[in-house]
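A.B. asks: Before I ask anything, here is the structure I am working with.
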Amino acid sequence: MQFHYINKLIQLPEINVKNILFDDKTGVVYLSVEPIQYVQPCPYCSSHDVHRDGVLYHRHVRHLPLANWRTLLCIPAVNMECQECKAHFVWQYAFVPPKKRYTKAFEHQLMKQGQGVTVQSMSASQSVPYSTAERYFKNGLQAERKYTQMTCIQDAVQRHQLVLGIDDFAVRKGHSYNTGIHDLKGGNMLDIISGRKQEDLQAFQQTSSYMHLLNPVAVVMDLSYTYHKFVKETFPQAIRIADRFHVNRYVTDAMHAVRKEVQQKLSTQARKQLKRHHQLLETRYDALSKEDQTTVQTLLNYDNQLKAIYEWKEAFIDWYDLSLNAQQAKQMLEQWYRQGHRIQHKAVESCLQTIKNWETEVINYHRMRFTNAVVEGRHNKIKAIQRRHFFTRNRDVYENRILVECNWAYVQDII
């Protein structure tokens, strides 16, 4: 009777605690338990005519901690004999599988605590062997990935006006890349494609059974010809939107090309100032503080060409911010082209030619105002995962980690 509250704390209704022993040196509490029922039905013939032959031995099974004490359950291995089929068997507990040293609740805790930390730190915090923590975490990770990915895909299939985002992220910059497929409205990651080449995308399309179920109205991506060809073949009905921030990168690169040339012509003091504060030129003017705006104005007064290209860059940002239809967007873009031609610089001309080549996709932003900004944020999280886990070599575990941690809102209790 005195162990009534301990029974409630451990939340294992099929057993009762009959004794408690604290080991202060190791920080372990030993709970001696016994089954509530006296006998158990035969697992072979389901007969209740069973004879109890006594306890063969006691198992020490790790359970959830109690007030920072590591908990070990001393579970009796009760020998049973069926009077009908004459079978001998040992009492089977629902909360722990046979021959296991950890309860199902403790295994589940290991699986959940592995999110966002390394297996080594999880192993140390729970005082379990590294191999044990890794095995349970990987098993739980696989189950979580299967559930979360299936849920995300089902939501995307059923979503009205589905908008997808496609972008690559580096495994090893300059050498190997992956491609992520994202549901921009749902805010989740649907899948990872190994590689970013045309053959990689085609292989993925042939092996993914759900791709033909998706019906996006728009797909946002950068100016990669490979991605646009893949989307055009896979989702011919969807409009293709050039991601705003990737397009704007061409404009800022052209601005810096002009800035570097201007910088060489300035006096030593002015050159140092321009080089020190060149990043301020990238930020939109109305997002700068008053102090930074004064600094930018000082930099622009150094050279008329620098001032002209900065105004050209700001005009492009304003073009994106305006609420325009496709026709109005095209007319204003033509004005912006003329403004750029007046600067008379090869870097600007190259940028203008690139945007003209992708003009339809760039203007499509004003039809559906979606960007891959959330995707870029997710890439930062993926990079952190890769660094934290030292670029996991097992491809399945690598994908499981990313898809679970990037879809954390969909993670449920699998066990």
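The values are calculated or read from the model by the stated rules, or taken from the named source; none is laboratory data. All figures in this text were calculated on a predicted structure; none of them were measured in a lab. So basically every Cβ, Gly included, is an ideal-geometry build from the backbone, and we count neighbours across all protein chains shown. Just the protein is used for accessible areas: all its heavy atoms, side chains included, with ligands, DNA and RNA removed. Shrake-Rupley method; radii C 1.70, N 1.55, O 1.52, S 1.80 Å.
A.B. asks: Under 10 Å, Cα contacts only: if you run a Gaussian network model on the chain, which one of M150, M111, M80 comes out with the highest mean-square fluctuation?
C.D. replies: Maximum among the listed residues: M80.
A.B. asks: Please report, in whole Å³, the volume per residue of the convex hull around the C-alpha atoms of the stretch 183-244. Write out the running numbers ahead of the final one.
C.D. replies: Details: hull volume 5.8 nm³, N = 62.
Taking only Cα atoms, the stretch 183-244 has a hull volume of 93 Å³ per residue.
A.B. asks: Turning to a different aspect of this structure: Determine the order of H160, H182 by accessible area, beginning with the largest, at a probe radius of 1.4 Å.
C.D. replies: H160, H182
A.B. asks: I want the local charge near Q269. Using Cβ-Cβ distances under 13 Å, sum +1 for each Lys or Arg and -1 for each Asp or Glu among the other residues.
C.D. replies: +4
A.B. asks: Here is a follow-up. So, with a 1.4 angstrom probe, what is the percent of accessible area on the stretch 122-175 that is carbon and sulfur?
C.D. replies: Within the stretch 122-175, the accessible surface is 48 percent carbon and sulfur.
A.B. asks: Calculate for the chain the 222 nm mean residue ellipticity that helices alone would give, adding -39,500 (n - 2.57) per DSSP H run of length 4 or more and normalising by residue count, nearest 500 deg cm²/dmol.
C.D. replies: -15000 deg cm²/dmol
A.B. asks: Please calculate how many Å² of accessible area the stretch 258-299 carries per residue, with a 1.4 Å probe and no DNA, RNA or ligand atoms counted.
C.D. replies: Roughly 66 Å² per residue, with all protein chains present.
A.B. asks: Based on a Kirkwood Rh over C-alpha pairs, give the Stokes-Einstein translational diffusion coefficient of the stretch 98-224 at 25 °C and viscosity 0.890 mPa s in µm²/s.
C.D. replies: Stokes-Einstein gives a translational diffusion coefficient of 143 µm²/s.
A.B. asks: With N set to the number of residues, divide the alpha-carbon radius of gyration of the stretch 210-252 by 2.2 N^0.38 Å and report two decimals. Could the numbers behind the result be given before it?
C.D. replies: Values: Rg = 11.6 Å, N = 43, 2.2 N^0.38 = 9.2 Å.
In units of the 2.2 N^0.38 Å rule of thumb, it is 1.26.
A.B. asks: Something else now. Please list, in chain and number order, the residues 5+ apart from N188 or on another chain whose amide H is under 5 Å from its amide H, with Hs placed from the backbone.
C.D. replies: Counting only residues 5 or more places away or on other chains, the set is D183.
A.B. asks: Using Cα springs under 10 Å in a Gaussian network model of the chain, which residue among V251, V171, V90 shows the largest mean-square fluctuation?
C.D. replies: Taking springs between Cα atoms under 10 Å, the residue moving most is V90.
A.B. asks: Using only the Cα atoms of the stretch 30-74, what semi-axes does the equivalent ellipsoid have when each is the square root of 5 times a gyration tensor eigenvalue? Give whole Å, largest first. Please report the intermediate quantities before stating the final value.
C.D. replies: Numbers: eigenvalues 171, 25, 16 Å².
Largest first, the stretch 30-74 gives 29, 11, 9 Å.
A.B. asks: Based on the alpha carbon coordinates of the stretch 54-143, what radius of gyration and maximum Cα-Cα distance (Dmax) apply, in Å?
C.D. replies: When restricted to Cα atoms, the stretch 54-143 yields Rg and Dmax of 16.1, 53 Å.
A.B. asks: Would you please calculate the Kirkwood hydrodynamic radius of the stretch 144-207 over all C-alpha pairs and express it in Å, rounded to one decimal?
C.D. replies: Computed over the stretch 144-207, the radius equals 12.7 Å.
A.B. asks: Carbon and sulfur together cover what percent of the accessible area of the stretch 231-327 at a 1.4 Å probe radius?
C.D. replies: 46 percent
A.B. asks: I would also like to ask the following. Compute the longest continuous run of the chain that contains no exposed chymotrypsin sites (Phe, Trp or Tyr not before Pro); treat a site as exposed when its DSSP state is not H, G, I, E or B and it has at most 16 other Cβ atoms within 10 Å. Provide the component values of the computation, followed by the final result.
C.D. replies: On the way: sites that count: Y38, Y44, Y210, F390, F391.
That gives 211-389 as the longest site-free run.
A.B. asks: Looking at the chain, send over the antiparallel percent of its DSSP beta bridges, to the nearest 5.
C.D. replies: 75 percent
A.B. asks: Next question, about the same structure. With all pairs of different alpha carbon atoms counted, what Kirkwood hydrodynamic radius in Å does the chain show?
C.D. replies: Evaluated on the chain, it is 26.8 Å.
A.B. asks: OK, next. I need the calculated FRET efficiency for the pair T207 and N68, taking r as the beta carbon distance and R₀ as 56 Å, to the nearest 0.05.
C.D. replies: With a Förster radius of 56 Å, E is 0.70.
A.B. asks: Give me the net charge of G340's neighbourhood, meaning all other residues with Cβ under 15 Å from the Cβ of G340; Lys, Arg count +1, Asp, Glu -1. Mind showing how you got there, number by number?
C.D. replies: On the way: positive: K307, K313, R338, R342, K346, K356; negative: D253, E311, E314, D318, E334, E349, E359.
Surrounding charge for G340 is -1.
A.B. asks: Working from the pairwise distances between different alpha carbons, so that the mean of 1/r is found and then inverted, what is the stretch 3-43's Kirkwood radius in Å?
C.D. replies: 11.7 Å
A.B. asks: For the stretch 2-41, which whole-number percentage of the solvent-accessible area (1.4 Å probe, protein heavy atoms only) is attributable to carbon and sulfur atoms?
C.D. replies: Values: 1510 of 2800 Å².
The C+S portion of the solvent-accessible surface of the stretch 2-41 is 54 percent.
A.B. asks: Moving to a separate point now. Can you list the trypsin sites (Lys or Arg not before Pro) in the stretch 155-223 that are in a DSSP coil and have 10 or fewer other beta carbons within 10 angstrom?
C.D. replies: Sparse-neighbourhood loop trypsin sites (Lys or Arg not before Pro): K173.
A.B. asks: What number does the stretch 1-95 give for Rg over Rh if you use C-alpha atoms and the Kirkwood radius?
C.D. replies: 1.05
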